[in-house]
Amino acid sequence: MPAVSAKPMPIVVVADADATLRSEVSGFLSARGFHVELAEGADSVTGLLARHKVDVLIADLAMRGHGGVDMLSLARAMAPTARTVGLTADLSPKERDAALLGGAVRVLAKPLSMLELADAVTLAQDCTEGFRGWMHRLSLVDVLQMYHHAGESLVVSLLGDVEGTISFQRGELIHAECHGQTGMPALIELLNAKHGQLETRALVQATRTIAGPFDHVLLDSLRSLDESRHDYHAAVTTASLDDWLDELTERERDPLDRQALIRWLAEHAPGAGVWRIDAAAGTFERLDELGVHPEHEIAGTPGSIGWAYELAELTDPAWSRVELTAGAMAIALLRAGGMVFAFARLVTGEAVQRRFQVESTQLVRWMQGHLEARR
């Protein structure tokens, strides 16, 4: 049997004029499986970067090479795959930001904390492959989906008005903490954040307070968030819609802009259909556009829509909003202004059913804003 070659030890260069610091860091990292090289000045760093494939450079940011070139620029030029951890005894916030923009994965203050150093080196290793940087205008949901699809095991920290952490294990959400809460309540509060700063670190200890597949957990959280922002079960919401639609009907205007509805469905709920039901006449008017999506042709029929309406009437004649499922068909009914609207789609599993519930909630919210704008 051929011998299995051992994985090469990660190479770390420690560059600092302080011999005591170099010795302490070398002993600390060597005990943790790193091959450590020491450099007292910029010339030594240059030689080490030329001779070795360096994984991590730990360097005093005050150190300069020939022509005053700093360590960050030197490392980028000579070893583009190496990641730098900066050390400094005195650094202003502006200089720290410049160092991070210059490529440092972390800037640590002296006297040095070995625990912070271990975390920084772990982060630098994680960044050796892949990308790292600033990404603006991404939502937290976008970031969570990205790490889910990548199958990552890490901790995402949110800093700002709302602060907390979300843990992934092999792409699944397993834990969240926020303002003294854990699990789903913490995740929901974090998803409510509108802005802030995101940082990641390696997952060291797997604590599980969240159970279930990623899609289910995320949809449950978003639905709870929607319901907390807009209490759709309260009579005030449907009463407001009734008032708007009654007022618009009295003016002999169509209460909905059909083209605006078609655009909303194409963007937010492709494959779903919307009907307007005239209960007195027993007619069903399709409001969305047929043929745009293959599912449109079978996502509900007048027969199934009528069955859902009759069942709702028999169960509770005073209903204002209800969701029904029969086989592969899910239907949400909304009564407003003497009219009834039905929103339907085919469901092929629990995940699609949950998606449908979120879509129907979002449709009510869209209708509220749409009708208000047309008053």
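List of remarks:
- Most to least accessible of 194, 110 (protein chains only, probe 1.4 Å): 194, 110
- Inter-probe distance in nm under a simple model that places probes 7 Å from Cα toward Cβ, at residue 207 and residue 313: 5.5 nm
- Per-pair calculated FRET efficiency, R0 = 30 Å: residue 194 and residue 73 via Cβ, rounded to 0.05: 0.25
- The figure for residue 46 is an accessible area of roughly 50 square angstrom, using a 1.4 Å probe on the protein chains alone.
- FRET efficiency, residue 283 to residue 353 (Cβ-Cβ, R0 35 Å, nearest 0.05): 0.75
- Solvent-accessible surface ranking, highest first, for 179, 35 at 1.4 angstrom: 179, 35
- Fully extending the segment from residue 161 to residue 52, taken as 0.36 nm per residue of separation minus the present Cα-Cα distance, adds 34.9 nm.
- Label-point separation, residue 263 to residue 43 (7 Å along Cα→Cβ), nm: 6.8 nm
- Stretching residue 170 away from residue 32 to a fully extended chain increases their span by 47.3 nm, per 0.36 nm per residue minus the current alpha-carbon distance.
- Applying 0.36 nm per residue to the separation of residue 95 and residue 325 and subtracting their alpha-carbon distance, the gain on full extension is 76.9 nm.
- Rounded accessible area of residue 113 (nearest 10 Å², 1.4 Å probe): 40 Å²
- Within-12-Å neighbourhood charge of residue 349 [Cβ basis; K, R +1; D, E -1]: 0
The values are calculated or read from the model by the stated rules, or taken from the named source; none is laboratory data. Since this is a predicted model, take the numbers as computed values, not measurements. Every residue, glycine among them, receives a Cβ derived from its backbone with ideal geometry; neighbour counts consider all protein chains shown. Just the protein is used for accessible areas: all its heavy atoms, side chains included, with ligands, DNA and RNA removed. Shrake-Rupley method; radii C 1.70, N 1.55, O 1.52, S 1.80 Å.
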